[in-house]
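**Q** Structure in structure tokens, see below.
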Amino acid sequence: MLDSDAFAIVGMAGSLRSGSFNRALLQAMAELAPDGISIDTFDLSPVPLYNADLDESVDGGPYPDAVRDLRAAVEQADALLLTTPEYNWGPSGVLKNAIDWLSRPAGASPLNQKPIALAGASKGMSGTGRGQLQLRQNLLATNSYVLQRPVIQIGNAKDHFDEHLRLVDEDLRTRICDQLIALREWSRRHQPMSAPLP
């Protein structure tokens, strides 16, 4: 799936708020992507709450259109980029809900062996570290390949974005490029096996 000249990432922000730092972070990452790397953002706002009655992979269905689009986008991507806020020491329900829709069928889902990078920004000092840790646990269950480093955990987000939510921290801009390059290399080292896990 990995073309030597193009590396396609699908990015999703775990916040629906228009003024979200995490949506701004995802936009900044898309703009800063180095040559040969593209990031298409997927809006999670139309995705309904998970309902097994609508899950075709468990004899339900049909999938809602937004879910069908989500699963197709992830299947076609070389890798994923998830930016998450931290709510009550965990990731947002919006992002966890997307993972639930993408996690079936077990062992053969769009997330199986999918390389993923995590990033996040918070108004507080934690920088979404605890939320990202929980996401890593969720993605362990889906047999996803979550990039270990570089880590993008932005605390005191207002100090790194201007009033128009543009990322103005030059060190962070460099780290973002480093993470995207590392994700591409991580993906090349973790090519999917020929057969899905049982």
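The values are calculated or read from the model by the stated rules, or taken from the named source; none is laboratory data. On a predicted model such as this, the values are computed, not experimentally measured, just so you know. Virtual Cβ from ideal backbone geometry, glycine too; neighbours counted across all protein chains shown. What goes into the accessible areas is simple: the full protein's heavy atoms, side chains included, and nothing from ligands, DNA or RNA. Shrake-Rupley method; radii C 1.70, N 1.55, O 1.52, S 1.80 Å.
**Q** Just to be sure before I move on: is ASP40 of a type in the set (Asp, Glu), farther than 20 Å from VAL151 by Cα, at pLDDT 95 or above and part of a strand (DSSP E or B) in the structure I sent? Walk me through how you get there before you give the answer.
**A** Details: of a type in the set (Asp, Glu): yes; farther than 20 Å from VAL151 by Cα: yes; at pLDDT 95 or above: yes; part of a strand (DSSP E or B): yes.
So ASP40 fits the description; yes.
**Q** Going by what's in this entry, would ARG166 be described as at pLDDT 95 or above, open to solvent by 60 Å² or more (accessible area, probe 1.4 Å), in contact with a strand residue (DSSP E or B) (Cβ under 8 Å, 6 or more places away or on another chain) and farther than 30 Å from ALA108 by Cβ?
**A** no
**Q** Right, next: Which residues, counting only those in the range 75-106, are within 16 Å of ASN143 (Cβ to Cβ), open to solvent by 20 Å² or more (accessible area, probe 1.4 Å) and out of contact with any Asp or Glu (no Cβ under 8 Å at 6 or more places or on another chain)?
**A** The answer is GLU75, ASP100, SER103, PRO105, ALA106.
**Q** Would it be correct to say that ILE181 is in contact with a helix residue (DSSP H, G or I) (Cβ under 8 Å, 6 or more places away or on another chain) and assigned to a helix (DSSP H, G or I)? Even if it seems obvious, please write down each step before you answer.
**A** Details: in contact with a helix residue (DSSP H, G or I) (Cβ under 8 Å, 6 or more places away or on another chain): no; assigned to a helix (DSSP H, G or I): yes.
No; evaluated as a whole, the condition is false for this residue.
**Q** I've got another one for you. Does any residue of the range 131-145 turn out to be surrounded by 15 or more Cβ atoms within 10 Å (Cβ to Cβ), in contact with a strand residue (DSSP E or B) (Cβ under 8 Å, 6 or more places away or on another chain) and at pLDDT below 95?
**A** No.
**Q** Hey, another quick one. Can you confirm whether SER18 is surrounded by fewer than 16 Cβ atoms within 10 Å (Cβ to Cβ), closer than 30 Å to ASN156 by Cβ, in contact (Cβ under 8 Å) with a residue 12 or more places away in the chain and among the hydroxyl-bearing types (Ser, Thr, Tyr)? It would help to see each step written out before you state the result.
**A** Details: surrounded by fewer than 16 Cβ atoms within 10 Å (Cβ to Cβ): yes; closer than 30 Å to ASN156 by Cβ: yes; in contact (Cβ under 8 Å) with a residue 12 or more places away in the chain: no; among the hydroxyl-bearing types (Ser, Thr, Tyr): yes.
For SER18, the condition - surrounded by fewer than 16 Cβ atoms within 10 Å (Cβ to Cβ), closer than 30 Å to ASN156 by Cβ, in contact (Cβ under 8 Å) with a residue 12 or more places away in the chain and among the hydroxyl-bearing types (Ser, Thr, Tyr) - is not met.
**Q** Show the residue pairs meeting these rules: Cβ distance below 7 Å; 6+ apart or different chains; first residue within the range 177-198 and of a type in the set (D, E, K, R); second residue open to solvent by 80 Å² or more (accessible area, probe 1.4 Å) and at pLDDT below 95.
**A** Between residues of the range 177-198 that are of a type in the set (D, E, K, R) and residues that are open to solvent by 80 Å² or more (accessible area, probe 1.4 Å) and at pLDDT below 95, there is no close pair.
**Q** Additional query: If I ask for residues that are assigned to a helix (DSSP H, G or I), surrounded by 14 or more Cβ atoms within 10 Å (Cβ to Cβ) and either in contact with an Asp or Glu (Cβ under 6 Å, 6 or more places away or on another chain) or modelled with pLDDT of 95 or more (or both), which ones from the range 57-67 would you list?
**A** Kept after step one, since they are assigned to a helix (DSSP H, G or I), are these residues of the range 57-67: 57-58, 65-67.
With the extra rule that they be surrounded by 14 or more Cβ atoms within 10 Å (Cβ to Cβ), the set shrinks to 57, 66-67.
Within the range 57-67, ALA66, VAL67 meet the criteria.
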